[in-house]
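Here the structure is laid out as structure tokens; the discussion comes afterwards.
Values in this text are rule-based calculations from the coordinates and carry no lab data. Quantities reported herein were computed from a predicted structural model and do not represent experimental measurements. With ideal geometry, Cβ positions are generated from the backbone for all residues, glycine too; neighbour counts draw on all protein chains shown.
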Ligand SMILES: Cc1cc2nc3c(=O)[nH]c(=O)nc-3n(C[C@H](O)[C@H](O)[C@H](O)COP(=O)(O)OP(=O)(O)OC[C@H]3O[C@@H](n4cnc5c(N)ncnc54)[C@H](O)[C@@H]3O)c2cc1C
């Protein structure tokens, strides 16, 4: 890796070399990132991204690692972890309130924090562990709601370090997809998101959050996983297909389809990314053969797998 780039990045933010990504992914698997930058402020995020792009380094933005499967070979180039944390507002905006949230803030934490302060509209996100940036990319959602319902606009940084405001319509948010996942918005980093919230009774919000928590506890397994592996096709949820093809509790190496929720794969201990990919591919092949359906992956495979 280019020494000059590493030095320039070190002037902007904390840099680690050969950082094991297994430490930073909810799956607990993944090889090293050649250069790992930890951005704690918006300027660090924006400037580190621009610097890496100026050096034409392969650049990957890493949120909370809760929707990625990093290959055992790790990631070449520059990986920038987004630990930005600023929250501005809520401030009155028309009939409701606007809150500006740094893209590194956890969606779940934000939902709980807003609820405690008496602002509702995002309490359904109390169990979505990733960052707001990651939530924009996949239009994260739960309980028939998604980020699209409350997102007003995002602020982005480009390869030259310029900041722009992008309205929600231009993000093409749909069920677990966006202009980012479709490649229509490339070469930018999400810096912050403006969300609409409304005043609400904190005790009612707390009660709803307790219900959501209880529901997740009953339906989703604990342990190291990435949430849903596949997107749900129109006819049946993905877990149903995985179950139908006999893969409930099926294990390869130290990775296993959960018994409780068959759209979750668990890392039982020392699983490798390869174990997990083999399980994913096995499910895809069996479901294709039995139902002639191509399941779409919700989890993104990144880095090197060989
Ligand atoms: C237990 C569990 C439960 C879950 N439940 C849900 C659920 O109910 N609903 C749901 O929708 N998801 C759910 N997820 C999946 C996950 O939490 C969401 O997809 C989340 O939004 C991902 O955010 P992240 O920060 O972890 O993104 P990462 O996994 O770090 O990254 C995902 C993608 O977003 C890109 N990205 C991240 N930040 C930025 C940025 N600032 N700028 C540009 N690109 C960026 C990355 O490059 C990558 O391509 C769950 C996951 C787990 C582990």
Gyration tensor (alpha-carbon) shape descriptor, the stretch 1-153, a/c threshold 1.5
prolate
Gain on full stretching of the segment that runs from residue 211 to residue 301 - 0.36 nm per residue minus C-alpha separation:
29.2 nm
Let me see the pair-distance distribution of the stretch 167-306: every alpha carbon pair, 5 Å bin width, integer percents in order.
2, 8, 14, 16, 15, 16, 14, 9, 4, 1, 0
Rg (one decimal) and Dmax (whole number) from the Cα set of the stretch 211-280, in Å, equal 12.0, 36
Counting only helical runs of four or more DSSP H residues, what would the 222 nm mean residue ellipticity of the chain come to if each run contributes -39,500 (n - 2.57) and the total is spread over all its residues?
-8500 deg cm²/dmol
For the stretch 81-104 and the stretch 179-218, what is the separation of their C-alpha centers, rounded to whole Å?
12
What share of the DSSP beta bridges in the stretch 3-82 is antiparallel, in percent to the nearest 5?
40
So how do 26-34, 243-251 stack up, highest first, on mean other-Cβ count within 10 Å?
26-34, 243-251
Largest-first ellipsoid semi-axes for the stretch 44-128, taking √(5λ) over the Cα gyration tensor eigenvalues, angstrom
32, 17, 8
Expressed in angstrom and ordered largest first, the alpha-carbon extents of the chain along the principal axes are 54, 50, 31
Need one number: the % of Cα-Cα pairs in the stretch 262-306 sitting beyond the 18 Å mark.
34
Suppose the chain between residue 17 and residue 166 were pulled fully straight at 0.36 nm per residue; how much longer would it get relative to their current alpha carbon spacing?
50.3 nm
Need one number: % antiparallel among DSSP beta bridges in the chain, to the nearest 5.
75
Would you give the gap between the C-alpha center of the stretch 1-56 and the C-alpha center of the stretch 256-306, rounded to a whole Å?
28
Can you tell me what the convex hull of the Cα atoms of the stretch 87-219 projects to on average, as an area in nm²?
8.0
Residue 145 to residue 3: FRET efficiency via 1/(1 + (r/R0)^6), r the Cβ-Cβ distance, R0 51 Å, to the nearest 0.05?
0.60
Taking the simple approach of a point 7 Å from Cα along Cα-to-Cβ for both residue 291 and residue 198, what is their distance in nm?
3.6
Can you give the Rg/Rh ratio of the stretch 58-100, where Rg is from the C-alpha atoms and Rh is the Kirkwood radius?
1.25
So, in nm, how far is label residue 91 from label residue 56 when the simple model puts each one 7 Å beyond its Cα toward the Cβ?
4.2
May I ask you to sort 187, 149 by Cβ crowding, counting other Cβ atoms within 10 Å and putting the fewest first?
187, 149
Plugging the Kirkwood radius over Cα pairs into Stokes-Einstein for the stretch 143-198, at a temperature of 37 °C and a viscosity of 0.692 mPa s, what D comes out in µm²/s?
275
Rounded D (µm²/s) - the stretch 1-87, Kirkwood Rh over Cα pairs, Stokes-Einstein at 10 °C, 1.306 mPa s
124
